Each structure stands twice: as C-alpha cells, then as structure tokens.
Amino acid sequence: MTAPRLLFVCLGNICRSPAAEGVVRARALARGMALRLDSSGTGGWHAGAPPDARMQAAAAARGYDISAQRARQAEPADFKRFDRIFAMDRSNLADLRRIAPLGSPAPVLMLPDGADVPDPYYGGADGFDQVLDLLENAAEALLDGLAQD
Ligand code: 4NP
C-alpha cells in the first residue's frame, strides 16, 4: 500500500496546521504507520516563515519538533497532490472549497465532531496548549480511521 498523503490547512500556516502536521507525524511514527504529510495556509502573508515561536515552544514542551517547517500558501494543485485535506476551521474549509478544482475530493474538518480548532494567533499562551490538546485527540481519531481503510 502506498503511504496516504495528508495535507493540513489553516489561515497563516504558522500556528495550527504546522502543529497538526507535527502531532500526526509523531503519532503515526509511534504506530508504525507510513504517511506523507504537509501543511499550508489559505493566506500567503507568512510564506517562507517558520512556525510561530509560541507554537514551536508549546509543541516542543510536548516533544514535537516543528522547527523545520516553512509556511506556504495553499494552491489548487494541492487537491491533486494529496489524498485528503484537513481544514482547521470552517472558514479555512470554505476558503479551500473556493480554490478546489472541479471534481476534487472534498476537504474536511480536522476535528471529528465538526468543531473549529480556535485560532491562537491573537490570544494568550493558553491558546497554543488548547490547540495541541485538540490536535492530539483529533490525530488519534484520524489515525484510527486510516488504519481501518
Ligand atoms: P494559523 O494562525 O492560521 O493557525 O497559522 C494565524 C497566523 C497568522 C495570522 C492569522 C492566523 N495572521 O493574520 O497573520
């Protein structure tokens, strides 16, 4: 079986989606599952930048090294390069649907209950830990689903 290709998408690609990529990578490795992972942002303002220092620190405190990631903007070709695309919130999902080429597989929300991963960028330090809590739970559910495919 070829490794499933998964893309995580938020707004800036410096907080939530790099964290999602890092958490899913670590959890997949722990399960011995081979995946190809990337992340992108619907906005391009931070293209080329590493993850936000606050997100890097919160992730590192839990053992996730996301420092090598660099932001990039989501593009229509992403729908061909990836088998599944996970949006962090409903706004990201709507923006992704707007750039999806006709006939593309539908992007879905990261959280299995359809809730949003709240944007931590303008909030306090707690927000980054809340994001990681949500992503760790979502990652397990996502990997459980993939393991059954
Ligand atoms: P992210 O957070 O979408 O989780 O990467 C944000 C990062 C930057 C901005 C907004 C959200 N910004 O407006 O620059």
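The values are calculated or read from the model by the stated rules, or taken from the named source; none is laboratory data. Computed from a predicted structure; not experimentally measured. Reconstructed Cβ throughout: ideal geometry from the backbone, glycine too, with neighbour counts over all protein chains shown. Protein only, heavy atoms only, side chains kept; ligands, DNA and RNA dropped before computing areas. Shrake-Rupley method; radii C 1.70, N 1.55, O 1.52, S 1.80 Å.
Report the convex hull volume per residue for region 25-93, counting only C-alpha atoms, in Å³.
Values: hull volume 8.0 nm³, N = 69.
It is 116 Å³ per residue.
What is the distance in Å between the Cα centroid of region 4-67 and that of region 93-142?
Using only Cα atoms to place each centre, the spacing works out to 12 Å.
Let's test the formula: R0 of 25 Å, r as the Cβ-Cβ distance of Arg70 and Asp149. What FRET efficiency results, to the nearest 0.05? Write out the running numbers ahead of the final one.
Working: r = 30 Å, r/R0 = 1.19.
Plugging the Cβ-Cβ distance into 1/(1 + (r/R0)^6) gives 0.25.
Please calculate how many Å² of accessible area region 11-149 carries per residue, with a 1.4 Å probe and no DNA, RNA or ligand atoms counted. Each step should come with its number before you reach the end.
On the way: 6980 Å² over 139 residues.
Solvent-accessible surface per residue comes out at 50 Å².
Relative contact order for region 1-71: what percent, with Cα pairs under 8 Å and sequence separation of 6 or more? Intermediate results must be reported in sequence, preceding the final value.
Details: 115 pairs, mean separation 27.6, N = 71.
Normalised by residue count, the contact order of region 1-71 is 39 percent.
Ignoring everything except DSSP H segments at least 4 long, calculate the 222 nm mean residue ellipticity for the chain; use -39,500 (n - 2.57) per segment, divide by total residues, nearest 500. Present the calculation step by step, with values, prior to reporting the outcome.
Details: 5 runs with 62 residues, N = 149.
Dividing the helical sum by the residues of the chain leaves -13000 deg cm²/dmol.
May I ask you to give the percent of accessible area on region 26-149 that is carbon plus sulfur, with a probe radius of 1.4 Å?
On the way: 3530 of 6740 Å².
Ligands and nucleic acids excluded, carbon and sulfur give 52 percent.
Restricting attention to the alpha-carbon atoms of the chain, what are Rg (one decimal) and Dmax (integer), both in Å?
Using the Cα atoms of the chain, the pair Rg, Dmax is 14.0, 43 Å.
Per the Cauchy relation, a quarter of the hull surface: what is the mean projected area of the convex hull of the alpha carbons in region 70-137, in nm²?
Working: hull surface 21.6 nm².
Reported value for the Cα convex hull: 5.4 nm².
Go ahead and run the numbers for FRET between Ala3 and Asp126, Cβ-Cβ distance against an R0 of 25 Å, rounding to 0.05. Could the numbers behind the result be given before it?
Details: r = 35 Å, r/R0 = 1.39.
Computed FRET efficiency for Ala3 and Asp126 comes out at 0.10.
What percent do you get for the relative contact order of region 1-143 when only Cα pairs under 8 Å and 6+ apart count?
The normalised contact order for region 1-143 reaches 28 percent.
Once you list every other residue whose beta carbon is under 14 Å from the beta carbon of Asp126, what net charge do they have if Lys and Arg are +1 and Asp and Glu are -1? Working shown, then result.
Values: positive: Arg54; negative: Asp119, Asp129, Asp133.
Cβ neighbours under 14 Å give a net charge of -2.
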